[in-house]
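Below is one structure, written out as structure tokens; comments come after it.
The values are calculated or read from the model by the stated rules, or taken from the named source; none is laboratory data. The shown structure was predicted, so the numbers you read here are calculated from the model rather than taken from an experiment. Every residue, glycine as well, gets a Cβ built from its backbone with ideal geometry; the counts of neighbours run over all protein chains shown. Calculation scope for accessible area: heavy atoms of the full protein, side chains included, ligands and nucleic acids excluded. Shrake-Rupley method; radii C 1.70, N 1.55, O 1.52, S 1.80 Å.
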Amino acid sequence: MSTYITKRILYMIVILFAASFLIFCLYALTPGDFITGNIKLTPERKAELREIYGLNKPVIERYATWMKNAFHGDFGYSLSQQKPVLTLFNQYIWNSFLLAVVSTFLTWLIAVVVGVVAAYKQYSWFDTIVMVALFAAMSIPSFFIGLFLIKILAVDWKWLPPGGMLTTGSNATGFAYVREVIHHMILPVMVMTLLGVGSLTRYFRSNMIDVIKQDYIRTARAKGLKERKVLFTHALRNALLPAITLVGFELPALFGGSLIIEKIFNWPGIGQLYMQSFSLRDYPLLMGFTLFIAILTVIGTLVSDILYHVADPRVRL
């Protein structure tokens, strides 16, 4: 086990170095940047700023400087926000994390329960309704669902706020602040859950259909165990094993934010900041964020592999 983890960590280091080089070259070689696109600056001032930020140096030298600083926790300086990239991460990423954690929990909870019941009642009216609803949810674009719910629940019925994290001009503190944040996050969480539950429910349904046909499930039923215990104790545990591989992709998703959802609902998260940086060509912020997601991805992959081995000792690492 320890040998496997050591090898995987070495592979992770190599992969991250390769990913960091590709990320840096992708943005460094892209024509234009924040300074070049700023029409308010004179050519002399642009040349001065490029000298200050080292943008006129060779790509390899700039990459070496960037990586050296990254090892010390310095992911660069945002030219548009005039703040260190790490400071912006700490300021915005937890708002995205809040949305992602709640929506991920609801998505997995709904997907597991509905997937198990749909597999148990295969080809029944419940299974048919579930499959039709899932395909409908998966085929409708996220921006359409978001705007539609804003129109119905926020504009017409006025049940929920249309966007933002707090009411404009709010000075709420304590429990009132928490209640206001929860009230504003209902709509984006609802949309993110609807978008994620479709494919995950189909995944659990297909796994459960395969598992409940196995011999040990027939044996458990023959012993007189209750059907609920057979489904949620024996069958579900083995049906969840393939889903462990999905855990590796959940980690970057938790911190990566949802670009479209945060933009639609004006949620002050890292996704919306990322979109703004694209339009402003703020490459230091874009590079830092992309490298951060790459780090989370390789860590998540390692965690999922280890969890799979722990959950199923038959799998050799």
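Here's the yes/no breakdown for (1) among the hydrophobic types (A, V, I, L, M, F, W, C); (2) out of contact with any strand residue (DSSP E or B) (no Cβ under 7 Å at 6 or more places or on another chain); (3) assigned to a helix (DSSP H, G or I); (4) surrounded by 20 or more Cβ atoms within 10 Å (Cβ to Cβ):
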residue: Leu195; (1), (2), (3), (4): yes, yes, yes, yes
residue: Arg202; (1), (2), (3), (4): no, yes, yes, no
residue: Asp210; (1), (2), (3), (4): no, yes, yes, no
residue: Lys213; (1), (2), (3), (4): no, yes, no, no
residue: Asn238; (1), (2), (3), (4): no, yes, yes, no
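Against the condition farther than 30 Å from Leu134 by Cα, among the hydrophobic types (A, V, I, L, M, F, W, C) and either part of a helix (DSSP H, G or I) or open to solvent by less than 40 Å² (accessible area, probe 1.4 Å) (or both), how does Ile23 come out, does it pass? Give the derivation first.
Details: farther than 30 Å from Leu134 by Cα: yes; among the hydrophobic types (A, V, I, L, M, F, W, C): yes; either part of a helix (DSSP H, G or I) or open to solvent by less than 40 Å² (accessible area, probe 1.4 Å) (or both): yes.
The answer is yes for Ile23.
With respect to Ala118, is the statement that it is open to solvent by less than 60 Å² (accessible area, probe 1.4 Å), more than 20 Å from the chain's Cα centre (by Cα) and modelled with pLDDT of 90 or more true?
Spelling it out, Ala118 is indeed open to solvent by less than 60 Å² (accessible area, probe 1.4 Å), more than 20 Å from the chain's Cα centre (by Cα) and modelled with pLDDT of 90 or more.
So, Arg45, is that one in a helix (DSSP H, G or I), surrounded by fewer than 14 Cβ atoms within 10 Å (Cβ to Cβ) and of a type outside the set (Ser, Thr, Tyr) or not? Talk me through it step by step, then tell me what you get.
Numbers: in a helix (DSSP H, G or I): yes; surrounded by fewer than 14 Cβ atoms within 10 Å (Cβ to Cβ): yes; of a type outside the set (Ser, Thr, Tyr): yes.
Criteria met by Arg45.
Given Ala154, Ala111, Ala137, Ala118, which one is under 15 Å from Ile186 (Cα atoms) and in contact (Cβ under 8 Å) with a residue 12 or more places away in the chain? Before the answer, list the steps.
Working: Ala111 fails: under 15 Å from Ile186 (Cα atoms); Ala137 fails: under 15 Å from Ile186 (Cα atoms); Ala118 fails: under 15 Å from Ile186 (Cα atoms).
On inspection, the qualifying residue turns out to be Ala154.
Check Thr167 against each of (1) over 23 Å from Phe97 (Cα atoms); (2) in a loop (DSSP other than H, G, I, E, B) and name the one condition it does not meet.
In the conditions (1) over 23 Å from Phe97 (Cα atoms); (2) in a loop (DSSP other than H, G, I, E, B), Thr167 misses (1) alone.
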